[in-house]
Amino acid sequence: MNVGVVGCGRMGRALGARAARAGHTVVFGSHEPGFAQEAARSAGHGAAGGSYADAVAPAELVLLATRWQQTFRALTRAGSWNARTVLDATNPSTPDGLSLLLGHTTSGAEEIARAIPDGRVVKAFNHVYAEVVAGETRFGGVAPTVFYCGDDAGGNALADRFIRGLGFDAAFVGPLSAARYLEPAAQLMVALVEGQRQAPTGVALGLLRNPAFREAHP
């Protein structure tokens, strides 16, 4: 699959590199193409780098991993979204990352969907530390769960396949408005790492399932 990565911070680099290792064709995009090219060199596996538009234009799936303060500028510079599936890994956090700017009546994901009505936004990966993504960490042989939500059936199905293809468990939690719960879940992880000094590679969320009950799928 052709995968574009918008944002070349820790999460963007980790997701892009893991996608490249999994066999996807990856293009990193940044406001500074040099940053994207360096991320591509680090990822290897034929990854490329350029502008935001360079990453989005060939992509079937876009991984959005910008800082919140840069997100809407990046969306504008990326050009047409043309029904592409966008996995939103951002959080509407304050600059120090310790609290959320939105909640209860909307979410960062919903605001992004309003900004790019021609895209198919799926919230995913926002509650997983980049160090877990980069290290392909398993916890006692169990893969961490990536919870995701979205309003478009096709986008949700693509997200599910992509998440599982990277080696994670995937759990669909409902429409995009459920991002109002997933974004605070990311702050729970911040509380564990920043407040309780847990190692970023040592904590992740998981979902226990009773096999006697049918699992819901998008």
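The values are calculated or read from the model by the stated rules, or taken from the named source; none is laboratory data. Computed from a prediction, not measured in an experiment: that's the story for all the values here. Note that we place each Cβ from the backbone using ideal geometry, even for glycine, and neighbour counts take in every protein chain shown. Ligands, DNA and RNA are stripped out before the accessible areas are found, and what is left, the full protein with its side chains, is counted by its heavy atoms. Shrake-Rupley method; radii C 1.70, N 1.55, O 1.52, S 1.80 Å.
Using a 1.4 angstrom probe on the protein heavy atoms only, could you order Phe162, Phe213, Phe72 from most to least accessible area? Numbers along the way, then the final one.
Details: Phe162 5, Phe213 150, Phe72 75 Å².
So the residues, ranked largest to smallest area, are Phe213, Phe72, Phe162.
Running a GNM on the chain with Cα contacts under 10 Å, which residue among Ala57, Ala17, Ala65 ends up with the highest mean-square fluctuation?
Evaluated over the chain, the most mobile residue of the options is Ala57.
What per residue convex hull volume, in Å³, do the alpha-carbon atoms of segment 162-218 yield? Intermediate results must be reported in sequence, preceding the final value.
Working: hull volume 6.6 nm³, N = 57.
Each residue corresponds to 116 Å³ of Cα convex hull volume.
If the viscosity is 1.306 mPa s and the temperature 10 °C, what translational diffusion coefficient in µm²/s does Stokes-Einstein give for the chain when Rh comes from Kirkwood over Cα pairs?
Values: Rh = 17.1 Å.
Approximately 93 µm²/s, per Stokes-Einstein.
In whole Å, what is the distance between the alpha-carbon centres of segment 175-204 and segment 1-71?
23
Can you pull the percent of the chain's accessible area that's carbon plus sulfur, 1.4 Å probe, other chains left in place? Working shown, then result.
Details: 5270 of 9920 Å².
In the chain, the share of accessible area belonging to carbon and sulfur is 53 percent.
Tell me the accessible surface of Ile116 in square angstrom (1.4 angstrom probe, heavy atoms of protein chains only), to the nearest ten.
Here the residue's solvent-accessible area equals roughly 10 Å².
If you take the beta carbon distance between Arg41 and Ala199 as r and set R0 to 35 Å, what does 1/(1 + (r/R0)^6) give as a FRET efficiency, to the nearest 0.05? Could you put the intermediate results ahead of the total?
Details: r = 27 Å, r/R0 = 0.78.
FRET efficiency, Arg41 to Ala199: 0.80.
Which one, Arg18, Arg73, Arg84, has the greatest fluctuation when you compute a Gaussian network model over the chain with C-alpha springs under 10 angstrom?
Residue with maximal mean-square fluctuation among Arg18, Arg73, Arg84: Arg73.
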